[in-house]
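*Asks:* Structure provided below as structure tokens; questions to follow.
The values are calculated or read from the model by the stated rules, or taken from the named source; none is laboratory data. Note that the coordinates shown come from a computational prediction; the quantities given were computed from them, not determined experimentally. As a convention, Cβ positions derive from the backbone with ideal geometry for all residues, glycine included, and neighbour counts pool all protein chains shown.
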Amino acid sequence: MQMRTMPSEARPVLAGGREHEYWMADGLPADVRRRGEIVFDVLSNVPLQQPAVVVVGDGRTVAVNAALLGLAGGDPEDYLDRDWADFMPAWPRRASLFRPGTQIFEEQLRGASGRQLWARVSLGPISRLGESDPVGFVLFISKPDLCVVDQDEVCRLRKGLDLLADVPTDYVVEVDRTGTMSFVSPSFCRAVGAREAELVGRPFLSRVCVDDRAAAAAALAEARRAPFCGEMRARLAADRCTDVVWQMEAVIGDGVTGLDLVGRVQPRA
């Protein structure tokens, strides 16, 4: 592929973040910039380096992270303010087929260095509040041969990325029979100020406000019995002033193997 070169005075202004773990083009709409900042900040909490790129509605590449450069080669200015179709030739066709919600597909990627590879893409739209038409997309890019990595770790990573692609404000946590966290969503990581690696394998109740732990423990125990669901209020220790309502549903396998918890922050009156 023939790459266009850009004289230094014409290159886009780069805004780096998280000690240059990512770069964004200057002059982005506020909603696109904020979404990109959230995504790249959360990616610092996942156990594997995750390549990601932000593309706006006209196909222009406006943000990349260091993991993407490591995978595809090149420098930030090789990608920013360039047509993403230069790097993923099938992008215009893919963009015309997008539906609401997260899309997952495999497509050929051509890096700025000339490197070519097949990539698995988890894509999430960026929309303005109250509007359905996307103004841009976040693309999480992985090599399809992730099977060489520990499968449990990969499953957690991919589930977290699928959640992140939709950027939910709800907290999602899975606990096993003992109440130990086996999965935490990026939103929960942000809320408690800890990385996934610091949370998985630790008791969920350790992140609940001390005053609410006894009631939460009783509610969790009740949800493990028929009808295997329930609701509880349990504030996080990291934010005692904010009420969180948790919906609980048992995971049924060989008996009750765990619980799925979805927490929703309650707005203050």
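*Asks:* One residue is enough: does segment 189-198 have a residue meeting the conditions touching a Lys or Arg at 6+ places or on another chain (Cβ under 6 Å) and at pLDDT below 85?
*Replies:* Within segment 189-198, the first condition is being touching a Lys or Arg at 6+ places or on another chain (Cβ under 6 Å), and the residues that meet it are 192.
The next check asks that each one be at pLDDT below 85; those that pass are none.
Looking for residues that are touching a Lys or Arg at 6+ places or on another chain (Cβ under 6 Å) and at pLDDT below 85, one finds none in segment 189-198, hence no.
*Asks:* Quick check, is ALA217 assigned to a helix (DSSP H, G or I) and either outside the structural domain of GLY258 (by TED's automatic domain parsing) or in contact (Cβ under 8 Å) with a residue 60 or more places away in the chain (or both)? Lay out the reasoning, then the answer.
*Replies:* Numbers: assigned to a helix (DSSP H, G or I): yes; either outside the structural domain of GLY258 (by TED's automatic domain parsing) or in contact (Cβ under 8 Å) with a residue 60 or more places away in the chain (or both): no.
Judged against the criteria, ALA217 is not a match.
*Asks:* Looking at segment 185-205, which of its residues are within 26 Å of VAL39 (Cα to Cα) and assigned to a helix (DSSP H, G or I)?
*Replies:* Once the filter is applied, which keeps residues that are within 26 Å of VAL39 (Cα to Cα) and assigned to a helix (DSSP H, G or I), segment 185-205 yields PRO186, SER187, PHE188, CYS189, ARG190, ALA191, VAL192, GLU196, ALA197, GLU198, LEU199, PHE204.
*Asks:* Every residue in segment 198-238 that is under 22 Å from the mean Cα position of the chain (by Cα) and surrounded by 13 or more Cβ atoms within 10 Å (Cβ to Cβ), please. Outline the logic, then answer.
*Replies:* In the first step, residues of segment 198-238 are kept if they are under 22 Å from the mean Cα position of the chain (by Cα); the result is 198-202, 204, 207, 236, 238.
Correct list: GLU198, LEU199, VAL200, ARG202, PHE204, ARG207, LEU236, ALA238.
*Asks:* Spot the failing condition for VAL256; the list is (1) farther than 23 Å from GLY193 by Cβ; (2) assigned to a helix (DSSP H, G or I), and only one is missed.
*Replies:* With respect to (1) farther than 23 Å from GLY193 by Cβ; (2) assigned to a helix (DSSP H, G or I), VAL256 is out only on (2).
*Asks:* Could you tell me how many of the residues in segment 160-178 are within 15 Å of GLY263 (Cβ to Cβ) and at pLDDT 85 or above? Give the derivation first.
*Replies:* If we filter segment 160-178 for residues that are within 15 Å of GLY263 (Cβ to Cβ), which is where we start, we get 163, 168-175.
Within this subset, residues satisfying the condition of being at pLDDT 85 or above are 171-175.
Residues that pass the stated criteria total 5.
*Asks:* Examine segment 5-18 for a residue that is at positive phi, modelled with pLDDT under 90 and of a type in the set (D, E, K, R), and state whether such a residue exists. Even if it seems obvious, please write down each step before you answer.
*Replies:* We begin by selecting, within segment 5-18, every residue at positive phi; these are 18.
Now narrow it down to the ones that are modelled with pLDDT under 90: 18.
Restricting the remaining residues to those that are of a type in the set (D, E, K, R) gives 18.
There is at least one residue in segment 5-18 that is at positive phi, modelled with pLDDT under 90 and of a type in the set (D, E, K, R).
*Asks:* Would you confirm, using the coordinates I've provided, whether PRO92 is in contact with a Leu (Cβ under 6 Å, 6 or more places away or on another chain) and at negative phi?
*Replies:* On the way: in contact with a Leu (Cβ under 6 Å, 6 or more places away or on another chain): no; at negative phi: yes.
Here the answer is no, as PRO92 does not meet what is asked.
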